[in-house]
Structure formats: structure tokens, C-alpha cells
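For reference, the structure discussed in these notes is given below.
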Amino acid sequence: MGRRRAIAYVDGGLRLLSRNDRDVTRAYPELGELAEVLAGRRAVLDGEVVALDAKGRPSFSALQHRMHVRAPSAALVSTTPVRLYLFDLLHLDGRNIAALPYTERRSALQELELSGQSVDTPPYWTGDAGRDLATAAADLGLEGVVAKQLGSSYEPGRRSPAWVKVPLNDTIEVIVGGYKPGAGRRAGTIGSLLLGMYDPQDRLTYIGHVGTGFTQTVLRDLQQRLKPLSRPDSPFDSPVPREHARHAVWVDPVLVGDVAFRSWTPDRRLRHPSWKGLRSDREPAEIRLQA
């Protein structure tokens, strides 16, 4: 998932908040351009911060270089620029329009013609374009599409059922509950992460381990983050297989990440998972295993 959800507050300048209300304005200085293209108007907008790969596709690995840096250097901004893709308008010039149908909010957003070097408003389609959009997204190597009910209002603070993600591959959010020390080329670092999700009874359930998708830089970063979280016992409420638990280093379950995987096994374990990166915009309590 090569993006970071953000709410933009523009009133002379820009204030950018993550989906869990963390102020990330300083992390993305180039996005201050939004205040310029709004030309003095006041607005609250919803969008996603992305970093693009060489083919112009959102890249989570590229965004990882930026999303954990609170005040990036000019060199980092230059080598790994980000863009803000806007898809909804909530307030305009002091008027709250969140309760209006999506089509009206989107028309108002389009009329603002917000486009610049670091800011853009992607097009959207209605009618029976869904199948063609999914095909085009697959051809371009994108993760999927998002479908929205045209008459729906904007519902702050919750995942509205009026917005539906249609993934083209399986990527989920997971909680890190421990790791197995590495061996061979990974000696002295992490071999694999032990993963979980909360079930409907708020029990942290073990769902498998992931040992691929890491770069050396990612492994070093993870080890630094996990070291102060170590604990003597397993945080999982379900048993962890002996071969993974035997030499495990347990940690408090506070880090959330993305993994891509092929499918679920019959006993609710991830099949062929691959690590994608940490998610600083998600809280562990939000990561739920469906019944």
C-alpha cells in the first residue's frame, strides 16, 4: 500500500494530519504548495501522500524513506519527493459540505482545479466503468481501486461502508508480536517477524511469520524499534508453533505493518507472506481478524 492517508487544513498555510491525528506537516514540506494553488481560499481536504517509483506508480518502499522522518533534509526531499493526491473536499471557505453527496463534494473539488508539482486531483469515473478500471489497474501494476457510493456523505472518524477497497492482490495490516533471530547471512539481526491480529474477542491471534521482503536497511530499522519493546513472555493469546516460539524474542504488540500474501491456510495462517513496511498511521487495536 504505497500511500499515507492525510487530511489537509488550508487557511493561509498548510496543516497536514495523519488518519490518527498526528501532525505530519513538517514531514512533507513540499506539500505546502497546496496553500499556494488554493490562492487564498480556505479548505479542508482528504487525500493520500504517495511516493512514486520509476514507472510512476505509488511505491510503499519509496514512501518508507519519508514517512518516518519528522523533518527531512533538502537532499531527501529532492531524491524522494512525495505528492498529495486529493479525492474529497470537506470544508470550503468556512462552509461544512461533508454532509453533501459525494458527487457534489467531488464536483466542488474538481472546480478548484488543484494541480501543481506536488499536488494533484486524480480523475474519477462513474457508471459501469468498474471492470475496465480494475483491468487497467492490473495492467499498470497497481494495487487496486476504491469504489464509493455516489450519494454518500463524508463520515469523519470511521471506515464508512460507502467506501469499498477492491484489491488486485492480497495485502493486509498485521501486528508484530516478536521475532526469530537470524542465522547465516542474517546472523545478529532478524530472521523473521511473528505476526498477529486481534480476533472479535480482542485476543491477539498468531497468524504466521514473515521472513522475506526485507532490505538490510529495513532490518536494522526494525531491530532498533523492536529492541526497547522486548518482554519476557509471548503477547499472543493463541499458541505459537514450537519451532517459531523456541528461540523467539517477544515484544510488546505496538508496531503495525503491511504484508502481501498469496492466501490464507485452513488454520488461518498467511501463505507465502512478504513484508512491505511499517504503518505509523495505524493503531494495533484497529488490526482485526475477521470471524
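Among LYS55/LYS227; LYS148/LYS227; LYS165/LYS227; LYS148/LYS276, which pairs are too far apart, with a Cα-Cα distance over 30 Å?
LYS55/LYS227; LYS148/LYS227; LYS165/LYS227, as the Cα separations exceed 30 Å there.
Go through the stretch 83-119 and name the GluC sites (Glu not before Pro) that are in a DSSP coil and have 11 or fewer other Cβ atoms within 10 Å of their Cβ. List each step's numbers first, then the result.
Details: sites: GLU104, GLU111, GLU113; in loops: GLU113.
Qualifying residues, ordered by number: GLU113.
Where the only charges are on Cβ atoms (+1 Lys, Arg; -1 Asp, Glu), what is the dipole of the chain about its Cα centre, to the nearest 20 debye?
On the way: 40 positive and 34 negative charges, 218 e Å.
Here the size comes out at about 1040 debye.
222 nm [θ] for the chain, helices only, -39500 (n - 2.57) per DSSP H run of 4+, per residue, to 500?
Rounded to the nearest 500, the figure is -5000 deg cm²/dmol.
Treat the count of other C-beta atoms within 10 Å as a stand-in for reagent exposure and order ARG288, ARG70, ARG83 from fewest to most.
In order of increasing Cβ crowding within 10 Å: ARG70, ARG288, ARG83.
Dividing the Cα convex hull volume of the stretch 3-167 by residue count, how many Å³ per residue is that?
116 Å³
Based on the Kirkwood radius over alpha-carbon pairs, what value in µm²/s does the Stokes-Einstein equation return for the translational diffusion coefficient of the stretch 170-286 at 10 °C and 1.306 mPa s? Working shown, then result.
Details: Rh = 14.2 Å.
So the translational diffusion coefficient is about 112 µm²/s.
Taking the Cα-to-Cβ direction at ASP170 and at ARG271 and moving 7 Å from each Cα, how far apart do the two end points lie in nm?
0.7 nm
If you average the sequence gap of Cα pairs under 8 Å that are 6 or more apart and divide by the length of the stretch 3-167, what percent do you get for the contact order?
Numbers: 278 pairs, mean separation 32.7, N = 165.
Once divided by the residue count of the stretch 3-167, the mean separation gives 20 percent.
Pulled fully out, how much extra length does the chain show between HIS244 and LEU17, if you take 0.36 nm times their separation in residues and subtract their Cα-Cα distance?
Stretched out fully, the HIS244 to LEU17 stretch lengthens by 77.9 nm.
Starting at the first residue of the stretch 18-32, write each ³J(HN,Hα) from the Karplus equation 6.51 cos²θ - 1.76 cosθ + 1.60 with θ = phi - 60°, in whole Hz, x for Gly and Pro.
Result, rounded to whole Hz: 6, 5, 9, 6, 8, 6, 10, 4, 5, 6, 10, x, 5, 6, x.
Mind jotting down the distance between the C-alpha centroids of the stretch 132-147 and the stretch 62-121, whole Å?
Between the Cα centres of the stretch 62-121 and the stretch 132-147 lies a distance of 21 Å.
Read phi for every residue in the stretch 200-210 and hand back ³J(HN,Hα) as whole Hz from Karplus 6.51 cos²θ - 1.76 cosθ + 1.60, θ = phi - 60°, with x for Gly and Pro.
Whole-Hz 3J(HN,Hα) from phi for the stretch 200-210: x, 9, 6, 9, 6, 9, 5, 10, x, 10, 10.
Given the chain, what percent of its DSSP beta bridges are antiparallel, to the nearest 5?
95 percent
Taking a label point 7 Å from the Cα of LEU76 along the Cα→Cβ vector, which residues of the stretch 1-40 have an amide N closer than 12 Å to it?
Flagged as within label range: 26-29.
In percent, how large is the relative contact order of the chain, given Cα pairs closer than 8 Å and 6 or more residues apart?
Contact order relative to length: 15 percent.
Read-outs throughout are calculated quantities, based only on the coordinates presented, and are distinct from any laboratory measurement. Since the structure is predicted, the reported quantities are computational estimates derived from the model, not experimental observations. A quick note on method: Cβ atoms are made from the backbone with ideal geometry, for glycine too, and the neighbour counts reach across all protein chains shown.
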